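What follows draws every value from the coordinates through simple rules; no lab data is involved. Computed from a predicted structure; not experimentally measured. Using ideal geometry, Cβ is built from the backbone for each residue, glycine included, and neighbour counts are taken over all protein chains shown.
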Ligand code: ADE
């Protein structure tokens with residue numbers, strides 16, 4: 001998979017070069033290409049923003065540098081092109097899994113008060129939000145999206161099982177996990193997990209997943225309740 005990111009702040013993407021995702025990057029499981037939009041500005045001061053037509057607060061990213069940067073990195077429109085924006089469809093595990101099926105993805109990160117609508121109309125396939133709040137730019141949203149979708153790409157996680165049992169995989173939150181020591185600060189690991197009876201472990205985990213989902217995210221069980 002090849003992921004292009006267009007941003008005014010490529011240095012913000014350092015976190016993707018560490019830990020699990022960094023290891024997958026080093027191993028060549030995916031390719032991350034960071035493009036500085038400013039490098040494509042034809043303005044003599046490399047300006048990439050301007051005042052909004054119609055007035056109002058803040059600055060808008062101008063269309064030319066973005067248009068030229070996209071044309072340079074994806075001339076044949078082979079990538080699924082995504083603009084990170086609070087106006088977009090909300091990212092979910094299901095959406096991340098669907099995005100992971102693309103061989104090429106391109107993420108455009110906006111800044112200031114947004115991006116000239118014409119470059120979105122001309123170049124972008126979809127808008128994606130990571131939640132109902134507003135960030136100062138699309139970079140963190142792009143990183144969240146990339147991290148969550150890469151977990152569905154083969155060979156990114158150590159074991160193919162890890163993405164199966166986790167929260168949201170069956171519209172349930174994950175059951176609690178424990179490791180050694182068996183007693184920590186007076187708190188014991190539940191007996192069922194140390195008894196070695198796999199059937200009982202599975203039953204306990206399923207019931208804990210339901211209990212935690214009901215407590216923290218009853219909306220996830222709602223569909224089931226409605227039927
Ligand atoms: N840019 C600013 N806020 C955002 C959000 N919530 N999701 C995606 N991109 C954004």
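Using helices alone, what [θ] at 222 nm do you get for the chain, with -39,500 (n - 2.57) per DSSP H run of 4 or more residues, divided over all residues and rounded to the nearest 500?
Details: 8 runs with 73 residues, N = 227.
Computed ellipticity for the chain at 222 nm equals -9000 deg cm²/dmol.
The shape of the stretch 19-65 comes out prolate: with a ≥ b ≥ c from the C-alpha gyration tensor, a/c is at least 1.5 and a/b beats b/c. Which number comes out as Rg/Rh for the stretch 64-187 once both Rg and the Kirkwood Rh are worked out on C-alpha atoms? Radius of gyration over Kirkwood radius for the stretch 64-187 works out to 1.10. Highest mean packing first, where packing is the average number of other Cβ atoms within 10 Å per residue, the peptides 203-212, 115-124, 141-150 line up as 141-150, 115-124, 203-212.
Sorted from longest to shortest, the spans of the Cα atoms of the stretch 1-104 along the three principal axes equal 45, 30, 29 Å.
Given springs between every Cα pair under 10 Å in a Gaussian network model of the chain, which of 22, 199, 137 has the largest fluctuation? Of the options given, 199 has the highest mean-square fluctuation. Based on the alpha-carbon gyration tensor of the stretch 43-133 and its eigenvalue square roots a ≥ b ≥ c, which shape applies: rounded if a/c is under 1.5, prolate if not and a/b is larger than b/c, or oblate? Because a/c hits 1.5 or more and a/b fails to exceed b/c, the stretch 43-133 counts as oblate. What separates the Cα centres of the stretch 176-227 and the stretch 11-67 is a distance of 42 Å. Relative to the compact-globule estimate of 2.2 N^0.38 Å, the Cα radius of gyration of the chain comes out at 1.26.
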